[in-house]
Structure formats: C-alpha cells, structure tokens
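Some notes on the structure that comes next.
The values are calculated or read from the model by the stated rules, or taken from the named source; none is laboratory data. Since this is a predicted model, take the numbers as computed values, not measurements. Virtual Cβ from ideal backbone geometry, glycine too; neighbours counted across all protein chains shown. Surface areas here come from the heavy atoms of the whole protein model, side chains and all, with no ligands, DNA or RNA. Shrake-Rupley method; radii C 1.70, N 1.55, O 1.52, S 1.80 Å.
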Amino acid sequence: MYSTASLTGVLRQVGNRFPVRTAFYPYLRERNGTAIGGAAVYLIRGFSDEQNAASWEFIRFLLRPETQAKWIIGTGYFPVVKGVTELPSVRQAYVRQPNYTTAVRQLETSKVNTASAGCLMGGFTEIRQIVQSAIEEALRGKPAQQALDEAKQRADQVLARYNASVRP
C-alpha cells in the first residue's frame, strides 16, 4: 500500500512487466471516508516581514493550477486546489493513466465525518505505517484481528513515547 504521491514512481519501476491497478481502501460493512495524510507546508511565527512575504509567495506558487497540474502528472498525487482536474493537461493524464483518478474519486465520494476529517496525533507518520503494514499482513493471510491487535500494541508504544516527549 502506497500513497498516491508514489504512483508515478511505482509505474516507472514496474514498466510493462505487469499491470498496476489502484483501488479504494478496503472496508468491512460500510464504505467510509479516508483520512488524508501527506506532507504539509507551514508558515511559522517569528520571522521578518520580508521572509513571511517570500513564504507566502512560495505557498501561492504551490497552489497555482499550473503547479498543481505538474505535481499531479509528475507524481500521481491528488490536487489540493479545486478545478485543477479540469485542466486539459490533467484530463489527458487521467485518460492515459486512470489510476491517477482513484484517490480523487474516493475523496469526492467519501462521507465527511470524524473518520475522514483528518488526523491530529503525535507519531502520525509512524502509526500510519504501522496501520498500512497491518492491512498488508491481513491481505497476505494473517488473521485480521491478530494484525490489528499487533498494530494497536505497536501504535500504543509510539503514542506513549510521543506523550512522554511533550509532557512537562
């Protein structure tokens, strides 16, 4: 299981040796939303006006439809600006590589609730990897409850380590 941000790289590595297909996250009874992850850009207090202005200019550059289109086509990641998928270059990329549309379609059809609202958790990146590994283990045949129990135990250790690092 990978982020859509690695899709283009995966497709390049595989070449034409075998087909690669993407799919929505699996579910048990009812399809829910998916929490998005990915990287983030922050503007932090304590810098000069000149540095803040340059930072805002960079953020505006990242959010330009043309920049988003290059990002989507170059990586497979989904856009963070509405309307970018309507640009001719992105539409053509989606026709050439329908796998690029999976994450966009899943997000567009997801329920908005606490499960899909995003994540605020210390150790997020490490715990996300633990959960992804548990899903992969279950898909390879490990009993799902066992994979989840082991993942919970590992995630609890990560949270305990994080909590110890931020408590006075």
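What the table below lists for this structure:
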| read-out | value |
| --- | --- |
| Solvent exposure of the chain as accessible area per residue, Å², 1.4 Å probe | 73 |
| Fraction of accessible area attributable to carbon and sulfur, the chain (%, probe 1.4 Å) | 57 |
| Gln146/Met121 FRET efficiency (R0 30 Å; Cβ-Cβ; nearest 0.05) | 0.80 |
| Gyration tensor (alpha-carbon) shape descriptor, the chain, a/c threshold 1.5 | oblate |
| Proximal lysines to Lys111, defined as alpha-carbon separation beneath 24 angstrom and excluding residues fewer than eight positions away on the same chain | Lys82 |
